[in-house]
1. Using a 1.4 Å probe and counting only protein heavy atoms, arrange Cys50, Cys73 so the residue with the most accessible area comes first.
2. Residue separation times 0.36 nm, minus the C-alpha to C-alpha distance between Glu63 and Val28: what's the value?
3. Counting each DSSP H run of 4 or more residues in the chain as -39500 (n - 2.57), what helix-only mean residue ellipticity at 222 nm follows after dividing by all residues, to the nearest 500 deg cm²/dmol?
4. Just one of (i) 22, 13, 10; (ii) 28, 13, 8; (iii) 29, 16, 13 is semi-axes √(5λ) of the Cα gyration tensor in Å as worked out from the coordinates here. Which one is it?
5. For the chain, give the percent of accessible area contributed by carbon and sulfur heavy atoms, probe 1.4 Å, rounded to a whole number.
6. Just how much of Ile13 is accessible, in Å², when a 1.4 Å probe is used and the result is rounded to the nearest 10?
7. Nearest 0.05, what FRET efficiency do Asp12 and Arg44 give at R0 = 22 Å with Cβ-Cβ as r?
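The values are calculated or read from the model by the stated rules, or taken from the named source; none is laboratory data. Given the structure is predicted, the values throughout are model-derived calculations rather than measurements. Virtual Cβ from ideal backbone geometry, glycine too; neighbours counted across all protein chains shown. Accessible surface is based on the protein model in full, side chains and every heavy atom, while ligands, DNA and RNA are left aside. Shrake-Rupley method; radii C 1.70, N 1.55, O 1.52, S 1.80 Å.
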Amino acid sequence: MNVPDQIRPLADIPLVVEARLPCGTMTVEQLLSLKDGSLIRSDRAAGDNCDVQVGGQLLGSAEMIVLGNALGCRITDFREKN
């Protein structure tokens, strides 16, 4: 993807990209026991859709896909700015 000349100076700024997945319900005890690398089950599966946010703003939609041994997101739709 080519970066337009007008925003090229901003191209290296890191942004937080989030895929919002419902993960069900956890108790406070379960939440407090989470560590780096902990897994949280989701009721989503490969092929399901999720919202994608950048900087807290809805960017579009994605499809959950399997990438090797992990679950990833493929962007399927970009939201039109109002």
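1. Cys73, Cys50
2. Once the chain is fully extended between Glu63 and Val28, it gains 9.6 nm.
3. Calculated from helices alone, the mean residue ellipticity at 222 nm is -1000 deg cm²/dmol.
4. Computed from these coordinates, semi-axes √(5λ) of the Cα gyration tensor in Å corresponds to label (iii).
5. 54 percent
6. Using a 1.4 Å probe on the heavy atoms, I get roughly 100 Å².
7. The calculated FRET efficiency here is 0.10.
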